[in-house]
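The values are calculated or read from the model by the stated rules, or taken from the named source; none is laboratory data. Note that this is a predicted model, so its numbers are computed, not measured. In this analysis, Cβ positions are derived from the backbone assuming ideal geometry, glycine residues included, and neighbour counts consider all displayed protein chains.
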Amino acid sequence: MASTDQEPHASAVRPRSYQDESYLHGFLGTVGDLQKAGVLQDVILEVEGRRFPCHRLVLSAASPYFRAMFTSDMAESRQKAVVLQGLDAGMIGEILSYIYSGNLHVSPDKVQPLYQAADLLQLDYVRDTCSSYMAKNVERSTCVDLYKFVDVFSVDTVRKVCLQHIAKYFTEVASSEEFYSLSVNQLTEIISHDELDVKEETTVWEAVVRWVQHSREDRLHHLPSILLHIRSNFLTSDDTAAILEHPLVMENPGSSEVIRNAVQKGNSDPKPRLGMTMEMALLINTCTDLTTDDLLFMNPREGKNISCKYSPEKLRPVIAMTVTSDNNMYLMTEDSESNDQLSMLKYNHAGNEWEHAGMSSVSRLLGPDDYWSCDTKNLVEVDQVLYYLSMGGRRGSESQLVYLTKYDRDTDQWQQCSQLQIDECETYCAALSCGSHIYYLTTFEVHRYDPSQDRWCSRSPLTNIMDVCTAVAMGTEIFCTDVEFSQTIVYSTESDSWQELQGSPIPGNLDVHADDVPRLFVLANQLHILFKVYNYVEEEFSVDTQILVYDRSADAWGDLKCTLPGDTFVPRGSMCSVAHMYLPYLGA
């Protein structure tokens with residue numbers, strides 16, 4: 001009887017690729033050993049009189065600069081010794097150590113020349129590592145020098161951080177020798193910054209005077225162009241008169257003309273400096289269901305409560321709101337012509353008025369016809385781009401969907417982004433931006449959206465908290481709490497981990513108001529929470545608003561004991577929006 005065993009058909013055996021991990025990890029080690037032993041070296045790099053024997057193949061593999069040098073018709077491709085100009089010998093030693101080992105050592109005294117060498121040799125990893133190191137180690141005493149360095153090399157990420165430090169410590173750095181060595185373009189960029197921490201515009205003018213006088217003959221002719229960046233809106237008549245009578249201005253007729261024109265026409269950029277403003281949380285009057293005609297700007301730490309009335313025709317029911325990183329305030333409201341469409345309003349600081357933002361409307365219901373939408377809408381910003389989030393789902397489905405759209409300024413259109421599916425039906429949630437990502441938090445899930453990839457991914461879920469309703473970002477951390485303010489927890493976006501904080505200190509005779517859930521916000525870099533409570537006294541109760549501030553070092557909440565004008569003002573969204581307000585614009 002014939003055997004039933006058969007060899008498998010040849011076509012059924014598929015080829016496979018294998019990767020030797022030990023070879024990959026050991027290859028660089030072997031190359032490093034050859035370098036240490038001085039074996040097979042075929043080229044010598046000469047830098048500042050020092051000689052570095054190397055391997056052409058290794059240098060070419062690591063650096064496009066060396067690859068072009070050794071594989072072209074350049075004379076260096078045939079020379080045994082190659083002289084490199086404009087480089088530091090010590091940095092070449094560090095660079096070669098990296099090329100042969102993969103290890104890179106960065107320190108404050110080495111980072112700039114190391115970056116410069118890596119930039120010339122086109123070593124992306126070294127250059128990017130130095131950039132990241134510089135950005136994380138900007139200090140008050142070094143921010144101006146570092147700003148000048150990264151400006152030359154156009155390292156925009158570090159340059160932005162340096163500008164923030166210079167703006168924050170402007171009064172101090174504007175009197176330093178480093179400040180006087182700025183170029184005219186660097187000076188005008190700095191004094192054009194909205195975030196200068198100055199109480200008066202004359203502080204900026206005085207800094208300009210010192211800069212010009214430091215090299216009067218070379219710089220006086222720049223004064224008219226520099227004065228265009230002085231914000232005359234925030235100069236008193238006495239300030240203007242004093243500037244016009246200053247010897248530098250009188251010596252340069254063009255400067256006088258600039259000042260007079262600016263006073264007469266007003267500055268094209270009326271934004272006050274950051275130091276002239278006060279951080280204020282924005283609350284909306286909910287006393288009617290039809291329109292919102294007044295808003296409350298408050299700073300409980302300073303005891304400031306400013307209520308402003310606006311046109312009720314413009315402020316129809318507010319759906320969502322946000323304050324962007326450049327201090328622009330947006331409200332999303334029902335469209336005046338269609339309740340199915342939402343319009344965007346932008347706050348005019350100088351006019352204390354809400355105006356149409358000049359943006360196309362967006363559909364209230366982002367899903368299909370059988371889609372239902374909950375009341376939770378969110379408006380967030382990432383890298384100057386606005387995103388609108390709406391949660392809902394198909395009727396009869398147990399899961400929910402988060403629909404996300406972003407506004408494209410070039411096309412004036414709202415573009416659909418990736419949807420997020422929530423496995424559990426949720427009543428409460430929170431959406432916010434932190435860094436370059438959007439986070440969406442529910443009771444059982446945490447999701448992160450990456451705009452650069454248009455992709456959602458799951459993160460570590462919340463712990464020991466139910467019905468999360470509010471969250472706010474501070475630095476790289478996200479703080480959140482539940483509807484009863486029973487537990488506050490903090491999430492580290494860097495380590496993807498959670499930590500419990502001290503719970504609510506609400507006395508037993510108070511209950512959190514069920515209709516107005518708590519809202520977190522950040523003022524003066526401190527965590528605050530606003531909530532309403534039922535105050536039970538002898539079988540009667542009243543509704544009071546409480547605002548607490550969190551002391552992290554003591555892990556305790558403290559009562560600010562502030563009083564709000566009435567109990568109809570509430571935040572809108574999953575946090576209480578905070579903006580920098582110029583009090584005179586509010587009539588204060």
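Brief remarks on what is shown
- Region 547-588 - residue that is among the acidic types (Asp, Glu) and in a loop (DSSP other than H, G, I, E, B) and, of those, nearest to residue 330 (Cα to Cα): 567
- Filter pass, residue 230 being in a loop (DSSP other than H, G, I, E, B) and either under 35 Å from the mean Cα position of the chain (by Cα) or not aliphatic (A, V, I, L, M) (or both): yes
- Within region 49-62, the set of residues being assigned to a loop (DSSP other than H, G, I, E, B) and at pLDDT below 90 comprises just one member, 49.
- Complete set of residues in region 221-247 that are surrounded by fewer than 17 Cβ atoms within 10 Å (Cβ to Cβ), touching a residue at least 12 places away in the same chain (Cβ under 8 Å) and farther than 22 Å from residue 198 by Cα: 221
- Among residues of region 149-172 that are in the same structural domain as residue 184 (by TED's automatic domain parsing), none has a Cβ under 6 angstrom from a residue that is assigned to a helix (DSSP H, G or I) and at pLDDT below 95 at a sequence gap of 6+ or on a separate chain.
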